[in-house]
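The values are calculated or read from the model by the stated rules, or taken from the named source; none is laboratory data. These figures come from a predicted structure and were not determined experimentally. No Cβ is skipped: glycine too gets one built from the backbone with ideal geometry, and neighbour counts run over all protein chains shown. All accessible areas refer to the heavy atoms of the entire protein, side chains included, with ligands and DNA or RNA removed. Shrake-Rupley method; radii C 1.70, N 1.55, O 1.52, S 1.80 Å.
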Amino acid sequence: MIYIEQPPFLPWLGFCEALIGCSTVALYDTVQYTERGWQNRNRIKTSAGPAWVTVPVVRRHGQLLRETRIAEGFNPAHLVKTLRLAYARTPYLDEALQAIVPPLSAGHRWLVDLNLDLVTHLAVALGAQTSLCLTSDLPPTDHADKTERLAHICAHTGETELWAGSGTRQYLDTAAFATHGITVAWNEFASRHPRYTQAWPRQGFQPGLSVIDAASAVGWAGLSAMLRTTFTAYRPHTPQGAAR
């Protein structure tokens, strides 16, 4: 089973579940960069409520994600300081940062390189066995149709089932996928989002935050176990991260 998503920055738990449950995760870096997306920012929980942490990028019209450069003003130390301040009272903050600080501090010049490094570290921390790939490393396609492009990615990774977010229902043509021998499974993660003891509990539980939120609360082993439980409950007969 394959999950295809534009390479995210400090992703949410839905992406992390895919790292655990899917045999392939393809990072879709051959599409246009969009402002106010999830590729260079994500949300954390602070004393004032949810807030954005952002990697500034150099913007030019029509650039692809793989062509997006990190701006000179990016200050990883300041970002890490922000994370430490937000999660200072959580029990596993130092452990969580062990998987996040090295990629942030590696001096990456390109956004995709940073996000791939982050995702790779997250996969290791979670004990995920998935195979990661960039779509820019696959044979190119001239298909303009979104469904056909995704089917092309599935075909070149040898996968026959697509793990799809509910937001893609608007444009995914399951009948067209079937003509390629590909089935679509809707993951519906937002409605299954696990709960845990967050920082700043008086604010109430806030779903959909960056993985740093859960990792600092329960640790990497605890988060891995939690996501494996949610995945198994939803897909009891799917081997987690099984090799093809």
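Among the trypsin sites (Lys or Arg not before Pro) in region 6-57, those placed in a DSSP loop whose Cβ has at most 14 other Cβ atoms within 10 Å are Arg36. Where in the chain is the longest stretch that carries no GluC sites (Glu not before Pro) classed as loop by DSSP and with at most 14 other Cβ atoms within 10 Å? My reading of the result: 73-187 is the longest stretch.
In debye, nearest 20: dipole of the chain around its Cα centre with unit charges on the Cβ of K, R (+) and D, E (-)? Walk me through the numbers on the way to the answer.
Working: 21 positive and 19 negative charges, 178 e Å.
Around 860 debye, computed over the chain.
Screening the chain for whole DSSP H helices of 20 Å or more along their axis (Cα) with average Kyte-Doolittle hydropathy at least 0.0 returns 111-126, 211-234.
Measure off, as a whole percent, the carbon and sulfur share of the 1.4 Å-probe accessible area of the chain, all protein chains present. Intermediate values should be presented prior to the final figure.
Values: 5930 of 11500 Å².
That share works out to 52 percent.
Among the chymotrypsin sites (Phe, Trp or Tyr not before Pro) in region 149-244, those located in a DSSP loop and surrounded by at most 14 other Cβ atoms within 10 Å of their own Cβ are Tyr171, Tyr196, Phe205. Per residue, the accessible area of region 89-176 comes to 51 Å², computed with a 1.4 Å probe over protein heavy atoms only.
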